[in-house]
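The block underneath contains the structure these notes are about, expressed in C-alpha cells.
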Amino acid sequence: MKFKRTIIITGGAGFIGSHVVRLFVNKYPDYKIINLDKLTYAGNLANLSDIENKPNYQFVKMDICNFQEIYELIKTQHADGIIHLAAESHVDRSIKDPFTFAQTNVMGTLSMLQAAKLYWESLPEKYEGKLFYHISTDEVYGALEMTHPNGVTPPFTTKASSQSKHMAYGTAFFTETGKYQPHSPYSASKASSDHFVRSFHDTYGMPVIVTNCSNNYGPYQFPEKLIPLFINNIVHRKPLPVYGKGENVRDWLYVVDHARAIDLIFHKGVIAETYNIGGFNEWKNIDLIKVLINTVDSILGRRPGEDMDLITYVTDRAGHDMRYAIDSTKLQRELGWEPSLQFEEGIEETVKWYLDNQAWMDNVTSGDYQNYYKEMYETK
Ligand code: NAD
Ligand code: TYD
C-alpha cells in the first residue's frame, strides 16, 4: 500500500508515546506510523497490543543515539515527519545517573536531528513538507514560587484563558517566552535538547516545532511516577512515600489530551514556534494523594479514606521544584485546543484503568522492576 506520509514516532513504546502512536495509527490509516524505540525499562510493547497488527503500523527497535542506523531508517523509509518523544523521563533516576540522561536526551536528540537534516537536505524539495517535532517538558522553565502579591494565602481562584475558574498557588505561570532555568539533571538535559532543536532551525533552516507540556497522567504510565505508583501501593496497602511535606504543586494533564494537542500541533502548528501544553489544573501533591486514596478506596468497596494512614512522609527529593504551572493560552487561542476531560473524570478513569489492568501492572512491577523498587525504597 502506498501511504500519503511516513512518520517516525520515537519513544512510542513508552507512556505518552504509546498514546500518540495509537491516536495516529487509528486516525490516519493513510499514514505509515513507525514506532522507533530502544525498549529501555520504560518501553513496553504491551502498551500497544491493540494496534500492533494494523497495516499502517511498524515497530523498529533502535537506539536514538545510533546515528548511522537512524539515518538509514529515515532514508530508506522516506520519512517526512518525526515526532520525537524518546527520552529518559524520571527525575529521581536523573539524580542517581545523570550521564544516561545526557546521553539519551541530548546526544540522542542531536543524532535524530542530524540524521533528519542529512536526509532531507539531500532531497530536491529539501525541507518542504517536512517536520521535526520535539516533545519537551515544562520543567525546563524551573520552579515557580507559591506567592500572591496582595498577601492572599494561596490557593486562590483566578481567570485563565477560556477556563472560568482556576485554582492557582501563585501568580506566575510558565509562558513560551519564559527563561530556561532547569534544576534537575532531567530538566537540564531536556533544556539542552530543546536548544539543539531550535538551533537546527536557526542554523540550517530545518522545520522544527517544540512543545513543553505539564505533568501527564493516565493509563500505561510506568509505576515509578507518582500517580500509578501510589494507586498500586494503595491497592496493596503499601506505604505511600510522600517527599518532604507534600506541599509541592504540579499541573496535571490527561495523557490523551496531550496526544490530541500533539496531533493538532503536528498538522496546524507554525514552524519554529513553541507551544506550552497544559490544562490549568494545579494540585498540591498531598491533596492529589488524598483524592487517589478516596477514589481507590471507594472503587474497591473500602470506606473512603480508610487508607489515609498509608501516607508516609519521607526525605525530600534533592532540588525538588516547588511549583509547576503552565499557561497554555497561546495554544488555546491560536489553534483552538482545549482539554477534553475534567480532572475528576480523568482521575477516576485512570484509577479504574489501573484496577482493571492489574495484569499489566503485575507484569511491569515483577522481576527486574521489583529489584529497582527495592533499591528505591531502601534509599527513601
Ligand atoms: P517514558 O519514560 O514513559 O517513555 C520513554 C520511551 O523512550 C520508552 O519507551 C523508552 O524505551 C524510550 N527510549 C528511552 N531511551 C531511548 C533511546 N536511547 N532510544 C530509543 N528509545 C528510547 O516517558 P514519557 O513519560 O512517555 O515521556 C515521553 C516524552 O515526553 C519525554 O521526552 C518526556 O521528556 C516528555 N514529557 C513527559 C511528561 C510526563 O509527565 N511524563 C510531561 C512533559 C513532557
Ligand atoms: P513525578 O511523578 O516523579 O513527576 P515530576 O517529578 O516530573 O513532577 O512526581 C510528581 C510529584 O510527586 C513531585 O513533586 C514528586 C512527588 N513524588 C512523591 O512525593 N513521592 C514519590 O514517590 C514520587 C515518585 C513523586
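Quick note: the coordinates plus some simple rules give every number you see, no bench work behind them. Remember, it's a predicted structure, so these values are computed and weren't measured experimentally. No Cβ is skipped: glycine too gets one built from the backbone with ideal geometry, and neighbour counts run over all protein chains shown.
Counting neighbouring beta carbons within 10 Å and listing from fewest to most, the residues 309, 63 come out as 309, 63.
Pairs of alpha carbons in the chain separated by more than 29 Å make up 41% of all such pairs.
Cross-linked pairs 32/352; 32/126; 27/190; 2/27: Cα-Cα separations exceed 23 Å for 32/352; 27/190. What FRET efficiency would be calculated for the residue pair residue 61, residue 96, taking the C-beta separation as r and a Förster radius of 25 Å, to the nearest 0.05? Plugging the Cβ-Cβ distance into 1/(1 + (r/R0)^6) gives 0.45. For residue 273, project a label point 7 Å along Cα to C-beta. Then give me every residue of the range 208-227 with its amide nitrogen under 15 Å of that point. So the set is 208-212. In a reduced charge model with +1 at each Lys and Arg Cβ and -1 at each Asp and Glu Cβ, the range 281-320 shows a dipole moment near 40 debye about its Cα centre.
Could you work out the percent of alpha carbon pairs in the range 14-135 separated by over 22 Å, rounded to a whole number? Let's see the in-between values first.
Values: 2718 of 7381 pairs.
That tail contains 37 percent of the Cα-Cα pairs.
Here 307, 37 are placed in order of increasing Cβ neighbour count within 10 Å, fewest first, which gives 307, 37.
Could you tell me the calculated FRET efficiency between residue 312 and residue 172, based on Cβ-Cβ distance and R0 = 41 angstrom, to the nearest 0.05? Show your work: numbers first, answer last.
Details: r = 31 Å, r/R0 = 0.77.
Computed FRET efficiency for residue 312 and residue 172: 0.85.
Its DSSP H runs of at least 4 residues, each contributing -39,500 (n - 2.57), put the calculated 222 nm mean residue ellipticity of the chain at -11500 deg cm²/dmol, to the nearest 500.
Evaluate the relative contact order of the range 250-308 (contact order divided by residue number), counting alpha-carbon pairs under 8 angstrom at least 6 apart; express in whole percent. Present the calculation step by step, with values, prior to reporting the outcome.
Working: 38 pairs, mean separation 20.4, N = 59.
Averaging sequence separation for qualifying contacts and normalising by length gives 35 percent for the range 250-308.
In terms of Cα to Cα distance under 18 Å, which lysines are near enough to residue 238, apart from those fewer than 8 places away along the same chain? Straight-distance partners of residue 238: 225, 290, 374, 380.
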